[in-house]
Amino acid sequence: MLKKLRVVAARLVCLALVLICGINSAQANRIYTNIGDLEAFLDGVMTTQLEQHRIPGAVIAVVHNDEILFAKGYGYANLEREEKVTVNTLFRVGSISKLFVWTAVMQLYQEGLLALDEDINTYLDFSIPDTLWDGSAAEPITMQHLMSHTAGFEDQNLGLFVLAEKDLQPLGEYLENAIPARIFPPGQISAYSNYGSSLAAYIVERISGMPFLEYVEEYIFTPLGMKNSTFRQPVPEQLAKQLSAGYRSVDGIYRLGDFELCQSYPAGSLSASGLDMAKFMSAHLSEETNGQYILNPETKMLMHSQSFSHHPELPGMAHGFIEMKRNGHRLISHTGDTLLFHSGLYLLPDEHLGIFVSFNGANASTASDYVFKAFMNRYFADETTVAMPSTDLMERAAQVSGSFHLSRSNYTETEAIFRLLNPIKIAVDQDGCLVARVGTSTNRYIPTDSGVFRSLDGGSSMYPVTDGTGKVIQYYTDSPGVLLRTPWYATTEFALLLGGVSLLVFLGTIIRWALLLVKRQTRRITFTRPAVFVVTLLTLAQIGFYVLLFTLVGNLHPVYGIPMVALEPTPAL
């Protein structure tokens, strides 16, 4: 009898342990709802980022459905006035502004006032050309193409920001005068476009009959109670005291920057508080916010669904949101960067969970991504195994390696020089990993059975597209962009080789003629030929050109198009 009781007791203990483990497992997947744990974790992560990158201040907000789980400011919004960041401090969120453009577009679609597959020229008071840059005919661009960044426009950075308010043009006037060349047929190659996003905002203007910023104020900000948000530049007087300043840390000293005026304003001029961005996320994650809908459930589901992807295993584009896959979970997101602010907004639709984070320092370019990855690794740990490097890849090194450039580039104007000076180098290392280098940034990838390359940290993927010989001509990525193989004649190495050889020829000619001149002078023979004069001038001109080119390119700001010294901010601390 005693033995049976022991067996029963043992079984009961085992059952209890199983139940406890099950409960703990369920809690582990949703531990972010433990506010104490969430705050302690985020306090550590955010503080570390501020210290590591020398950033004055930041804000973060985490929402679940229509509940704000956590919102907090860190550090300083203004060092001169010693003002600390609060949840009501306005940050410049950069390209996260585009999510308001796409939300407005979907509102008009919801009302039957706009078709996603209609030629956008139908809605404009000027025409987008119907030919590509090479003169070939092209299919019409639709709103669907704009939302997925597959319209095929070349990139334009120069003039994206201006130095004075008086330099800002009306949106329609700017868009009509700055139509970029159409490089790719629509719907085929993703190439992120600020112009395309602002064009969509102008269509909202045309259909609604009101300026885009006013439309957003009436149909998005007001219904959601976003009282501390604006697209206006500079911000209205009643919000100016709540606006965070932006800083750069140079040699350990904080330098105050000016308010950044964005010409393509719907694509990047939004100033918003962390609390307001929490309300915006909740509007996309829950069916109802503050008793009002900004999108009905069906429209919201469509907006969050995939609209384009280069490959079935690669994240692509939703309708304006950028898809991501992290630790086995699908996300829709958008990051935003100005010269002085860096932000990120990440939604997990299946979890009804959203995270927004923003930093007010130029050095914070990697901070928002780090915070997001840390959050995912803590609360949604990845249990998948990582593939191993491949010896087969080393045998194909010549076919997969080379110099590439991003589809989001300029091809027809002067700023195309920046594409030449910023190559993307891809090679295979001794461990059998595919290594992609962009400037000082390096990422290592390993192949999978499906042919997709996944980064070692699990944060990104690429898929190689080959020609008939097996040589990689493109790499599809999991962002709105494709890596295109650079022709040999357009590589940095060839440009330097050609310039160096021609310079040596000129210099060699001058040296040879100088020796002949000395020799003839010793014989008292006059040596004067027009060719000597011409070649000498050409040599000096070429040397001067190289010096001028590298001086200008090295100091020319890629957004303002003026010398960097003109933008040198004043020291703050």
Counting just the residues of the stretch 162-181 that are in contact with a Phe, Trp or Tyr (Cβ under 6 Å, 6 or more places away or on another chain) and not in a helix (DSSP H, G or I), which one comes out most open to solvent (accessible area, probe 1.4 Å)?
ALA181
Taking the stretch 251-301 and keeping only residues that are touching a Lys or Arg at 6+ places or on another chain (Cβ under 9 Å), surrounded by 20 or more Cβ atoms within 10 Å (Cβ to Cβ) and among the polar types (S, T, N, Q), one is left with SER269, SER271, SER273, THR289
Condition first: surrounded by fewer than 19 Cβ atoms within 10 Å (Cβ to Cβ), farther than 18 Å from LEU285 by Cβ, at pLDDT 95 or above and of a type outside the set (Asp, Glu). Can you find one or more residues in the stretch 69-76 that meet it?
yes
At pLDDT 80 or above and open to solvent by less than 80 Å² (accessible area, probe 1.4 Å): is that true of LEU483 in this structure?
yes
Which one of the conditions (1) under 18 Å from PHE212 (Cβ atoms); (2) open to solvent by less than 20 Å² (accessible area, probe 1.4 Å) does THR150 fail to meet, given that it meets all the rest?
(1)
Which of the residues spanning the stretch 242-255 are within 25 Å of LYS72 (Cβ to Cβ) and either of a type in the set (Ser, Thr, Tyr) or at pLDDT below 95 (or both)?
SER244, TYR247, ARG248, SER249, TYR254
Here, strands (runs of 3 or more DSSP E) confined to the stretch 410-519 with at least 2 residues that are more than 19 Å from the chain's Cα centre (by Cα) are 424-428, 434-438, 441-447, 453-455, 461-466, 472-477
Kindly evaluate LYS373 against the criterion of being within 20 Å of SER460 (Cα to Cα), within 19 Å of the chain's Cα centre (by Cα), part of a strand (DSSP E or B) and basic (Lys, Arg).
no
Per-region count, the stretch 137-147, residues in a loop (DSSP other than H, G, I, E, B) and open to solvent by less than 10 Å² (accessible area, probe 1.4 Å):
1
Test LEU348 against the stated conditions and say whether it is surrounded by 17 or more Cβ atoms within 10 Å (Cβ to Cβ) and over 15 Å from the mean Cα position of the chain (by Cα).
yes
Of the residues that make up the stretch 116-136, is at least one assigned to a helix (DSSP H, G or I) and out of contact with any strand residue (DSSP E or B) (no Cβ under 7 Å at 6 or more places or on another chain)?
yes
Residue check, ASP134 against (1) surrounded by fewer than 16 Cβ atoms within 10 Å (Cβ to Cβ); (2) in contact (Cβ under 8 Å) with a residue 12 or more places away in the chain, all met but one. Which one?
(2)
Scope the stretch 213-225; condition in contact with a helix residue (DSSP H, G or I) (Cβ under 7 Å, 6 or more places away or on another chain) and closer than 12 Å to THR103 by Cβ; matching residues
TYR215, VAL216, TYR219, ILE220, LEU224
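Residue-wise test of (1) among the small types (Gly, Ala, Ser); (2) assigned to a helix (DSSP H, G or I); (3) in contact with a Gly (Cβ under 7 Å, 6 or more places away or on another chain).
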{"residue": "PRO266", "(1), (2), (3)": "no, yes, no"}
{"residue": "SER269", "(1), (2), (3)": "yes, no, no"}
{"residue": "ALA272", "(1), (2), (3)": "yes, no, no"}
{"residue": "PHE280", "(1), (2), (3)": "no, yes, no"}
{"residue": "GLU287", "(1), (2), (3)": "no, no, no"}
{"residue": "MET301", "(1), (2), (3)": "no, yes, no"}
{"residue": "PRO315", "(1), (2), (3)": "no, no, no"}
{"residue": "GLU323", "(1), (2), (3)": "no, no, yes"}
{"residue": "THR335", "(1), (2), (3)": "no, no, yes"}
Among the residues of the stretch 393-409, which ones are open to solvent by less than 50 Å² (accessible area, probe 1.4 Å), in a loop (DSSP other than H, G, I, E, B) and in contact with a Ser or Thr (Cβ under 8 Å, 6 or more places away or on another chain)?
SER407
Here are the criteria: (1) part of a loop (DSSP other than H, G, I, E, B); (2) over 19 Å from HIS334 (Cβ atoms). Tell me which single one HIS319 does not satisfy.
(2)
Quick check, is THR469 open to solvent by 70 Å² or more (accessible area, probe 1.4 Å), at pLDDT 90 or above, more than 24 Å from SER309 (Cα to Cα) and among the hydroxyl-bearing types (Ser, Thr, Tyr)?
yes
Residues being open to solvent by less than 50 Å² (accessible area, probe 1.4 Å), of a type in the set (Ser, Thr, Tyr) and either within 25 Å of LEU497 (Cβ to Cβ) or modelled with pLDDT of 90 or more (or both): count how many of those fall in the stretch 414-454.
1
Just one of (1) assigned to a helix (DSSP H, G or I); (2) at pLDDT below 95 trips up THR385, so point out which.
(1)
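The values are calculated or read from the model by the stated rules, or taken from the named source; none is laboratory data. All of these numbers come straight from a predicted model, not from anything done at the bench. With ideal geometry, Cβ positions are generated from the backbone for all residues, glycine too; neighbour counts draw on all protein chains shown. The accessibility values were calculated without ligands, DNA or RNA, using every heavy atom of the protein model including side chains. Shrake-Rupley method; radii C 1.70, N 1.55, O 1.52, S 1.80 Å.
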